[in-house]
């Protein structure tokens, strides 16, 4: 058991019933008594999560084609998987600001979406006077007690990891952190079954000196809590 710490609170949340995914960025749901469309800020396949009839939650925001942004879907009673990658980043930066991530000492976010040699990452951090380039990846597929990444072949995800390896090979500090919000997981593992070439990539990452970590949040709407700041990583 781990203590949970509040990172974000989302008081404007609304609940709905998920119906279907229209495309990578658009879903359909029932809210109150009508069908609405919501944007989706996650390009993963999410086939084990986006199931018709499941309770979901969204942030209302009227737009020409949508009425808000889908951010979570219920996995167990009142426990939701956090789908929105922007909120994953905000929860992580909030945990850093509260000194809840103890494997980085007094971390600070220096910059969001920093660039290096034309490559964009999620954060530039500082810890103990040293700068760290950080990339987050959402691990939203569950197999047994493990959270896995990715849930489908992801050339874009592999490119991001290669870019971070290149950064680390220049004797720079680099951090690759896998974020999960699946209830009941106790470790993170790369999903080699969907892409065996990931194994070579992770070996290269370790040789480059990159730090590979995982953190577990829990999403009990409207609260996002940090449950495990150092989820075991099994490569």
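The values are calculated or read from the model by the stated rules, or taken from the named source; none is laboratory data. Because the structure is a prediction, the values reported are computed rather than measured. A quick note on method: Cβ atoms are made from the backbone with ideal geometry, for glycine too, and the neighbour counts reach across all protein chains shown.
Side notes on the structure shown:
- Those residues of the stretch 63-99 which are farther than 18 Å from residue 11 by Cα and without any contact (Cβ under 8 Å) to a residue 40 or more places away in the chain, in sequence order: 63, 64, 65, 77, 93, 96, 97, 99
- Within the stretch 102-115, the set of residues being out of contact with any helix residue (DSSP H, G or I) (no Cβ under 8 Å at 6 or more places or on another chain), over 20 Å from residue 158 (Cβ atoms) and either part of a strand (DSSP E or B) or not assigned by TED's automatic domain parsing to the domain that holds residue 179 (or both) comprises 110, 111.
- Scope the stretch 64-84; condition under 19 Å from the mean Cα position of the chain (by Cα) and crowded, with 17+ Cβ neighbours inside 10 Å; matching residues: 69, 70, 71, 72, 73, 74, 75, 80, 81, 82, 83, 84
- Check on residue 111, closer than 16 Å to residue 213 by Cβ and at pLDDT 95 or above: no
To keep it simple, each residue is scored yes or no on (1) touching a helix residue (DSSP H, G or I) at 6+ places or on another chain (Cβ under 8 Å); (2) farther than 16 Å from residue 227 by Cα.
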position	(1), (2)
7	yes, no
39	no, yes
52	no, yes
57	no, yes
62	no, yes
100	no, no
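So that you can scan it fast, the table gives a plain yes or no per residue for (1) assigned to a strand (DSSP E or B); (2) farther than 22 Å from residue 190 by Cα; (3) over 14 Å from the mean Cα position of the chain (by Cα); (4) in the same structural domain as residue 179 (by TED's automatic domain parsing):
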residue	(1), (2), (3), (4)
51	no, yes, yes, no
56	yes, yes, yes, no
59	yes, yes, yes, no
100	no, yes, yes, yes
137	yes, no, no, yes
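- One residue stands out in the stretch 116-127 among those that are at pLDDT below 95 and part of a loop (DSSP other than H, G, I, E, B): the one that is nearest to residue 71 (Cα to Cα), namely 118.
- A count restricted to the stretch 61-86 and to residues that are assigned to a loop (DSSP other than H, G, I, E, B) and either assigned by TED's automatic domain parsing to the domain that holds residue 142 or under 18 Å from residue 183 (Cβ atoms) (or both) stands at 4.
- The set of residues in the stretch 150-160 being part of a helix (DSSP H, G or I) and surrounded by fewer than 20 Cβ atoms within 10 Å (Cβ to Cβ) consists of 155, 156, 158, 159, 160.
- When the stretch 167-193 is limited to residues that are in a helix (DSSP H, G or I) and in contact with a strand residue (DSSP E or B) (Cβ under 8 Å, 6 or more places away or on another chain), the one that is surrounded by the fewest Cβ atoms within 10 Å (Cβ to Cβ) turns out to be 167.
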